[in-house]
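Presented below is the structure to which this report refers.
The values are calculated or read from the model by the stated rules, or taken from the named source; none is laboratory data. All values derive from a computational prediction rather than experimental measurement. Note: ideal-geometry Cβ built from the backbone for every residue, glycine included; neighbour counts use all protein chains shown.
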């Protein structure tokens, strides 16, 4: 029981940080297409829209984001979290992120076990000009053992980011 309360509190903090940042100027809009469950037997096309804020949280380059994800089998994920945008070379970024959100299975055969799912992601992106970048991301959705059924799912995505 204490573990469930801890996870719910963590999810509330992450989502709350993203929501309180709504008043800041938006920095990046990300569009992605990918393969849901690319390493399993329940694959579907995956589409994403992510909104990254230019406001840092606690440390430089730690930024809140909001995201929406939908698959061709009707699964959806809506949530938010934090990402760290590390520019390690002139036009290259490594962006690890973690978020929490609402998940609905849709008509997928893959049941992730709980309506609260956490999304962890690692993205490698290259800037092509001051407004556009292209990235490759690997993500994992999991309920972090909030339920006894916790299969998780991996997603491989190609992102296009537009800065405004």
Query raised in the report: So which of 98, 83 is surrounded by 14 or more Cβ atoms within 10 Å (Cβ to Cβ), within 16 Å of residue 137 (Cα to Cα) and in contact with a helix residue (DSSP H, G or I) (Cβ under 9 Å, 6 or more places away or on another chain)?
Result: 98
**Report entry** Matching residues, region 79-101, being more than 19 Å from the chain's Cα centre (by Cα) and not in a strand (DSSP E or B)
**Finding:** 90, 91
Query - Residue list for region 101-134, filter: crowded, with 19+ Cβ neighbours inside 10 Å, within 25 Å of residue 161 (Cα to Cα) and free of Cβ contacts under 8 Å to residues at least 60 places away in the same chain - result: 103, 117, 119, 121, 123, 125, 133
Query - Count - residues of region 116-142 that are modelled with pLDDT under 95 and in contact with a strand residue (DSSP E or B) (Cβ under 6 Å, 6 or more places away or on another chain) - result: 1
Query - residue 75 vs. criteria at pLDDT 95 or above, buried (at least 21 other Cβ atoms within 10 Å of the Cβ), over 14 Å from the mean Cα position of the chain (by Cα) and under 17 Å from residue 49 (Cα atoms) - result: yes
**Report entry** Members of region 51-61 that are under 13 Å from residue 27 (Cα atoms) and assigned to a strand (DSSP E or B)
**Finding:** 51, 52, 53
**Report entry** Exclusive hit being over 19 Å from residue 123 (Cβ atoms) and at pLDDT 85 or above, set 43, 12
**Finding:** 43
Query raised in the report: Failed condition for residue 37, given (1) at pLDDT below 90; (2) over 28 Å from residue 129 (Cβ atoms), with all others met?
Result: (1)
